[in-house]
Amino acid sequence: MSAFAADWRNASSWVHGVEGASGLPGKPDVEDPFIYQDGEDRFHALLHNLEGPHMGADPMLVGVHAFSEDGLAWHYGGLAYTNVVRLADRTSTTFNRRERPHLVFGEGDAARRPLALATSAEARGAGDRSFTLVQALR
């Protein structure tokens, strides 16, 4: 279900079930949406895939991308990030989980150009302990 508001802090301005709005399909099951607009005012979202490796699914499918021209009708765009990260020393490590994706943007003219992806990360064998991982984008 979709909801829109003139002022997100004012619950009386919320409107549910706006005509033309569509949520994402039911598969994969996702959470933690990070929504942003690119330089051409198109909408994008990064989402944590609940059907990733910690649920016994494809070990590479951890983060997914969605897009919308108008912010109402949304479509999946495919894989956004995996649980394998190349480190500064040129080695790679595989995390058990990467959740709560966020982008870090530039300033000034680059204000809509993402510079890094920030996620929580859980190392293999770490139990339920996680940390914030910031990964530079190419």
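Would you tally the net charge around PHE43, using a Cβ to Cβ cut-off of less than 9 Å, leaving PHE43 out, and scoring K and R as +1, D and E as -1?
-3
Here the residues GLU51, GLU40, GLU99, ranked from fewest to most Cβ neighbours within 10 Å of their Cβ, fall in the order GLU40, GLU51, GLU99. If you take the alpha carbon atoms of region 25-136 and fit the smallest convex hull around them, that volume is 109 Å³ per residue. Relative contact order, whole percent, for region 25-136 stands at 19, derived from Cα pairs under 8 Å and 6 or more residues apart. Arranged from fewest to most other beta-carbon atoms within 10 Å of their beta carbon, THR82, THR132 become THR132, THR82. Computed log10 I(q)/I(0) for region 72-138 at 0.25, 0.28 Å⁻¹: -1.15, -1.26, from the Debye equation with unit scatterers placed on every C-alpha and solvent omitted.
Every number here is computed from the coordinates shown, using simple stated rules; none is lab data. On a predicted model such as this, the values are computed, not experimentally measured, just so you know. All Cβ positions, even for glycine, are placed from backbone atoms using ideal geometry, and neighbour counts span all protein chains on display.
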